[in-house]
Amino acid sequence: MIKSFIKSQQNFIENWAKSPYKEWENSIFYKLKSVNSKIEPYVEYLPEPYLGDPFKSDAVFLNYNPGPVFQDDTQHRTKGIFVKDYKAIETYEYYAINTPYFKHNSGFWADRKKFLSRLINKPFIESKIFALEICPFHSSSFKLSHSDLFKSKSYIQNNVLNIAEAVASQSSIKTIISVGKDYYNLFKLLEFKLLKEIDQTTVTTKWPLKNGGDKINRTISLWESPTGGIYFNTWAPGSNKISSKEFDQIILELIAY
């Protein structure tokens, strides 16, 4: 399954490079009103369906999409260094394994790597993420409406979650990690079994506090898919940030549940 996925994504990238707008118009996300206009201006920038090495993974992370593009055209189809220096079109797998994102000490993916490093007690530089995107295209922002989640759920199941479970089965952490309420809503929509859910109103153990002394508003949950995959989710209102280190012990106990 994993090798077939890598091959299919290589075909997708090559087809995109030849005709980006045709590939975009053939995408399910072209038909989704909640994200179409946010993606349209960035179709010429390298789609990133996955990052990392699926055969050397400490944990699988689910993400919404690659997010905004860099201002210096790094990801551009013809001018970008990801295409020129990392051969992202000729061999997307090579680019995904060697992506600079995971080498940075700050930013979106650095925060996730630091989180993983703490959970598995491994140095930052040695921690290995395998990341899958719901949508491979860049955008200024990305949030699926409930209606669009419903329309795309079969695509997400077949092209994201099935692969996530296959990779997680051979990763250091078998639990698949997701951040953001869209995934929480998706798991409900797909009728995953909610194994456990805690937040600042239900927890009986010590809970991290804001500077003012109030409990931090964050929900943490554990789910099981119909095929047996275990999924961790955390979300906070208006945020797609990973939880701070003060939540690590709570999360470790939940994953071990």
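Which ranges mark the strands (runs of 3 or more DSSP E) fully within region 158-257 that have 3 or more residues being open to solvent by less than 10 Å² (accessible area, probe 1.4 Å) and touching a helix residue (DSSP H, G or I) at 6+ places or on another chain (Cβ under 9 Å)?
Correct list: 176-179, 219-224, 230-235.
Among all residue pairs at least 6 apart or on different chains, which show Cβ distances below 6 Å where the first residue, located in region 179-205, is more than 23 Å from L144 (Cβ to Cβ) and the second is basic (K, R)?
So the pair list comes out as Q200/K215.
Being touching a Phe, Trp or Tyr at 6+ places or on another chain (Cβ under 8 Å), farther than 28 Å from Y155 by Cβ and not small (G, A, S) narrows it down to one residue among N105, N121, N98, N65; which is it?
N105
Residues are listed down the side, and each one gets a yes or a no for (1) of a type outside the set (K, R); (2) farther than 22 Å from S225 by Cβ:
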{"position": "R118", "(1), (2)": "no, yes"}
{"position": "N121", "(1), (2)": "yes, yes"}
{"position": "I125", "(1), (2)": "yes, yes"}
{"position": "F130", "(1), (2)": "yes, no"}
{"position": "S139", "(1), (2)": "yes, yes"}
{"position": "D148", "(1), (2)": "yes, no"}
{"position": "S152", "(1), (2)": "yes, no"}
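Quickly run through region 141-157 and pick out the residues that are within 21 Å of P237 (Cβ to Cβ) and open to solvent by 60 Å² or more (accessible area, probe 1.4 Å).
K143, H146
Inspect region 62-85 for any residue being of a type in the set (S, T, Y), surrounded by fewer than 20 Cβ atoms within 10 Å (Cβ to Cβ) and closer than 29 Å to Y184 by Cβ and give the result as yes or no.
Checked against the condition, which is being of a type in the set (S, T, Y), surrounded by fewer than 20 Cβ atoms within 10 Å (Cβ to Cβ) and closer than 29 Å to Y184 by Cβ, region 62-85 yields no hits at all.
Scan region 157-178 and report the pairs whose first residue is without any contact (Cβ under 8 Å) to a residue 60 or more places away in the chain and whose second residue is open to solvent by less than 10 Å² (accessible area, probe 1.4 Å) and of a type in the set (S, T, N, Q), with Cβ atoms within less than 9 Å and a gap of 6+ or a chain change.
Partner pairs satisfying both residue conditions: Q157/S225.
Output the residues belonging to region 21-60 that are surrounded by fewer than 18 Cβ atoms within 10 Å (Cβ to Cβ), farther than 30 Å from K122 by Cβ and not polar (S, T, N, Q).
Y21, K22, E25, I28, Y30, K31, K33, E40, P41
Closer than 30 Å to I173 by Cα, out of contact with any Leu (no Cβ under 6 Å at 6 or more places or on another chain) and open to solvent by less than 40 Å² (accessible area, probe 1.4 Å), is that true of F5?
So F5 passes the test.
The values are calculated or read from the model by the stated rules, or taken from the named source; none is laboratory data. In this text, all values refer to a predicted model and were calculated from it rather than measured experimentally. Every residue, glycine as well, gets a Cβ built from its backbone with ideal geometry; the counts of neighbours run over all protein chains shown. Side chains included, ligands, DNA and RNA excluded: accessible areas come from the protein's heavy atoms. Shrake-Rupley method; radii C 1.70, N 1.55, O 1.52, S 1.80 Å.
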